[in-house]
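A.B. asks: Quick one: this structure, given as structure tokens, is what I'll be asking you about.
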Amino acid sequence: AACVPSSLPQAPPPPPGVMLVPPPGAGARGPRKWLSTEIEINDYPKTARWKVTHKEALVSITEWTRAAITTKGVYTPPGKNPPPGERKLYLLIEAEDPAQLKEAKQEVKRILEETSAYAAPDEKVGGGGRYSVV
């Protein structure tokens, strides 16, 4: 184990809801610490889920914030539970810097909210069905 002199400044702890994870294939200079957070997208309208998982949106956010975004989990219809060993659909966002992580998360949430606001009424979760009682 390496000895760290006490004169070196220590990094502040990550904000609540953020985990430190090593990146896959850490370089020869030793493992870097990555920050990560998750955003569950399963219950957003279909168009909003598509928008934040589409390659163009992900590339745009990644280039702008330098954060990595990975789609994980499986879509689970309302009122159902995910299959055993699975989780509802979510995005894993990873970055080396807290500011990058925050910007990426804010941009994903902005896209989700903006797209959800314009979703067709029948797409919105709990938005009723095809028929209405008169």
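A.B. asks: Return yes or no: is THR37 touching a residue at least 24 places away in the same chain (Cβ under 8 Å) and in contact with a Lys or Arg (Cβ under 8 Å, 6 or more places away or on another chain)? Walk me through it before giving the result.
C.D. replies: Numbers: touching a residue at least 24 places away in the same chain (Cβ under 8 Å): yes; in contact with a Lys or Arg (Cβ under 8 Å, 6 or more places away or on another chain): yes.
Here the answer is yes, as THR37 does meet what is asked.
A.B. asks: A further question on this structure: Confirm whether SER60 is in a helix (DSSP H, G or I), open to solvent by less than 90 Å² (accessible area, probe 1.4 Å), modelled with pLDDT under 95 and in contact with a Pro (Cβ under 6 Å, 6 or more places away or on another chain).
C.D. replies: Judged against the criteria, SER60 is not a match.
A.B. asks: Of everything in the range 89-112, what is charged (D, E, K, R) and open to solvent by 60 Å² or more (accessible area, probe 1.4 Å)? Give them in sequence order.
C.D. replies: Listed by number, the residues that qualify are GLU96, ASP97, LYS102, GLU103, LYS105, LYS109, ARG110.
A.B. asks: On to the next question. Cβ-Cβ below 7 Å, separation at least six or inter-chain, first residue in the range 42-68 and of a type in the set (Gly, Ala, Ser), second assigned to a loop (DSSP other than H, G, I, E, B) and open to solvent by less than 40 Å² (accessible area, probe 1.4 Å): which pairs?
C.D. replies: ALA48/ALA119
The values are calculated or read from the model by the stated rules, or taken from the named source; none is laboratory data. Quick caveat, the model's predicted, so the values are computed rather than measured. Neighbour counts run over all protein chains shown; Cβ positions are idealised from the backbone, glycine included. Keep in mind that these areas ignore ligands, DNA and RNA; they rest on the heavy atoms of the full protein, side chains included. Shrake-Rupley method; radii C 1.70, N 1.55, O 1.52, S 1.80 Å.
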